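Below: one structure, written as structure tokens.
Quick note: the coordinates plus some simple rules give every number you see, no bench work behind them. Computed from a prediction, not measured in an experiment: that's the story for all the values here. Don't worry about glycine lacking a Cβ; one is built from the backbone with ideal geometry, like all the others, and counts go over all protein chains shown.
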Amino acid sequence: MRGWWQEIAGLVLPVDCAGCGLPRTELCERCRGLLGGAVPARRVRPSPEPPGLPPVWAAARYGDEVRAVVLAHKERGALGLARPLGTALAAAVQRVGVTGPMLLVPVPSSRMAVARRGHDATVRMARAAARELRGRGIPAEVAAVLRQRRPVADQSSLPAAARSANLSGAVVAAGGATALLPAAPAVLVDDLMTTGTSLTVAARAVTVAGGLVAGAAVVAGPRDPENRSYVYYRR
């Protein structure tokens, strides 16, 4: 019900740009460009890089406006932003280099976080990306097969060294994944990458279930190796 009301409200109520606050537009052209329209998606690496992290491509550099757009969609229920975020994510997915059919596998959020937000932001964004890719003639489907099987601590409260231990063994593939994942290469998708821990753990779960991880794609990655900016929220 909450998600339905959010979608209706977004159609009838005046809004300001989620990125910069420009009145009467959900996302202005400048902020849309910051999501990756102005520059090609780029390869990003955390420092230090966790062992087992697949190649990661990001559509945008993480900054104030991009952060605001991601949070507006994820935490404040601006569901109309799923489409431009999905378009940005699709550009990053293409840079992974899969030439045939592919599966977009969202990094999972906790059930508690999804219930609190009223929607699964990463899955919604992945579906928008898959539609964009199919529109470009690229066969892509969403396989939301990963789950958190136990409670984990808020990653933002932990130092980088503790994040891997926090998520170790916490992410698994659902029962039907062993039949689905071997059908096509998997591209892990998320809204952003910080330390790379979540993507590494997700890649391990896909591999254990018999899937092949071709790479990962995110909307936003670090601004540069020396000046990394992060967004903090509960996954």
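All other residues whose Cβ lies under 15 angstrom from that of R131 are scored, Lys and Arg at +1 and Asp and Glu at -1, for a net of +3. Calculated FRET efficiency, R136 to V208, Cβ-Cβ distance, R0 = 30 Å: about 0.45 to the nearest 0.05. Going 7 Å from the Cα of S47 in the Cα-to-Cβ direction, what parts of region 169-202 have a backbone nitrogen less than 16 Å from that spot? Taking a point 7 Å out along Cα→Cβ of S47, the residues of region 169-202 whose backbone N falls under 16 Å are 194-196.
Tell me, what is the FRET efficiency for D16 and M112 to the nearest 0.05, using R0 = 41 angstrom and their Cβ-Cβ distance as r? It comes to 0.90.
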